[in-house]
1. In the range 170-212, which residues are of a type in the set (Asp, Glu) and over 21 Å from ASP242 (Cβ atoms)?
2. Report, ordered by the first and then the second residue, all pairs with beta carbons closer than 9 Å, sequence separation of six or more or different chains, a first member in the range 256-270 that is within 11 Å of GLY217 (Cβ to Cβ), and a second member that is open to solvent by 80 Å² or more (accessible area, probe 1.4 Å).
3. Kindly indicate which of GLU197, GLU181 is in contact with a helix residue (DSSP H, G or I) (Cβ under 7 Å, 6 or more places away or on another chain) and open to solvent by 60 Å² or more (accessible area, probe 1.4 Å).
4. For the range 32-49, which positions are of a type in the set (Val, Ile, Thr) and more than 6 Å from ligand 1 (Cβ to nearest atom)?
5. Within the range 51-63, can you find the residues that are open to solvent by 20 Å² or more (accessible area, probe 1.4 Å) and closer than 17 Å to PRO95 by Cα?
6. Considering each residue of the range 31-45, count those that are of a type in the set (S, T, N, Q) and surrounded by 14 or more Cβ atoms within 10 Å (Cβ to Cβ), and give that number.
7. Does the range 41-48 contain any residue that is at pLDDT below 95, closer than 22 Å to ASP127 by Cα and not small (Gly, Ala, Ser)?
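The values are calculated or read from the model by the stated rules, or taken from the named source; none is laboratory data. A quick note: this is a predicted structure, and the numbers were derived from the prediction, not measured. Glycine also receives a Cβ, built like all others from the backbone with ideal geometry; neighbour counts cover every protein chain displayed. Side chains included, ligands, DNA and RNA excluded: accessible areas come from the protein's heavy atoms. Shrake-Rupley method; radii C 1.70, N 1.55, O 1.52, S 1.80 Å.
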Amino acid sequence: MLNQVKPIEAYFIEDEPYYLSSGREIDIFTQAYRNHLPVLLKGPTGCGKTRFMEYMAWRLKRPLLTVACHDDLTSGDLVGRYLIQENETVWMDGPLARAVKTGGLCYLDEIVEARKDTTVVIHPLTDDRRILPMEKKGEILRADPEFMLILSFNPGYQSIMKDLKPSTRQRFVSLEFDYPEEAGETAIVTREAGVDEETARRLVHLGHMTRNLKEKGLDEGGSTRLLINAGKLIQSGIPPRDACLSAIAYTLSDDVEMQRSMDEMISSLF
Ligand SMILES: Nc1ncnc2c1ncn2[C@@H]1O[C@H](COP(=O)(O)OP(=O)(O)OP(=O)(O)O)[C@@H](O)[C@H]1O
Ligand SMILES: [Mg+2]
């Protein structure tokens, strides 16, 4: 399967993704792109960072190459590697190299999860040089003028934050994301889950209540994504309380007390 490479055309987004803006992020991102500045997207899980990237890729008409980072991710996964194919050694570009060559947007999702050698690779791409050293191949790639690097991370996971060195970090323009304000989030849940506005309003209210539990023992409050998931179950005929318990309460916590508190919140709303 490794040798099946999707053509770059497959990475263009044809239909406009639904994205509700909540500030200046579209303008700032567009100007960062025009000025060849890399961008850092910060924000909690499920708040719209990926959707924003899809929207911007569509708007700028550039291919979007997303890499979900994890703790085994190496520079080879990004840059490329030699593979054996039918007894021959062939070089296979990684997603970062492809984006550099084709003028794509390379989105490294949860970069701080990746191993340190990956940040070493992106370093020379983030300043005026805009080059990608391909050590294993003994080549240096100069980035296409349209190439852009975007990183995301969730600042809630403080312990791994220190992995992003200040010297890397200070090359980026940063955009802070958070859950949309009430009216916006209600509109998003209505549209994405297909529920009526009143149901969406209650789900958003529940979302706020769980977010208030964050200081009281819950790691993360319910994200926009979870509210949409609950809405989808409701829309499919699951009674609202069961939908919210499964999509929100049990997903957020394994602690019986915490689940009970959330059940009370759910019952007060539905
Ligand atoms: N501003 C928004 N406009 C439209 N949809 C949104 C917006 N914010 C969130 N959503 C909805 O919430 C879902 C989750 O958002 P998304 O996947 O972009 O989160 P994320 O910030 O990338 O999360 P993670 O950090 O877990 O990857 C999206 O699929 C979309 O349905
Ligand atoms: Mg995402």
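1. Across the range 170-212, the qualifying residues are GLU176, ASP178, GLU181, GLU182, GLU185, GLU197.
2. Note: pairs meeting the criteria are MET258/LYS216; SER261/LYS216.
3. Answer to the selection: GLU197.
4. Scanning the range 32-49 gives a single hit, VAL39.
5. Scanning the range 51-63 gives GLU54, ARG62.
6. So the count comes out to 1.
7. Checked the range 41-48: at least one residue is at pLDDT below 95, closer than 22 Å to ASP127 by Cα and not small (Gly, Ala, Ser).
Conditions (1) among the hydrophobic types (A, V, I, L, M, F, W, C); (2) touching a residue at least 60 places away in the same chain (Cβ under 8 Å); (3) within 16 Å of ligand 2 (Cβ to nearest atom); (4) out of contact with any Phe, Trp or Tyr (no Cβ under 9 Å at 6 or more places or on another chain), marked per residue:
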position: GLU9; (1), (2), (3), (4): no, no, no, yes
position: ASP15; (1), (2), (3), (4): no, no, no, no
position: GLN31; (1), (2), (3), (4): no, no, no, yes
position: HIS36; (1), (2), (3), (4): no, yes, no, no
position: THR45; (1), (2), (3), (4): no, yes, yes, yes
position: LYS49; (1), (2), (3), (4): no, yes, yes, no
position: LYS61; (1), (2), (3), (4): no, no, no, no
position: ALA68; (1), (2), (3), (4): yes, no, yes, yes
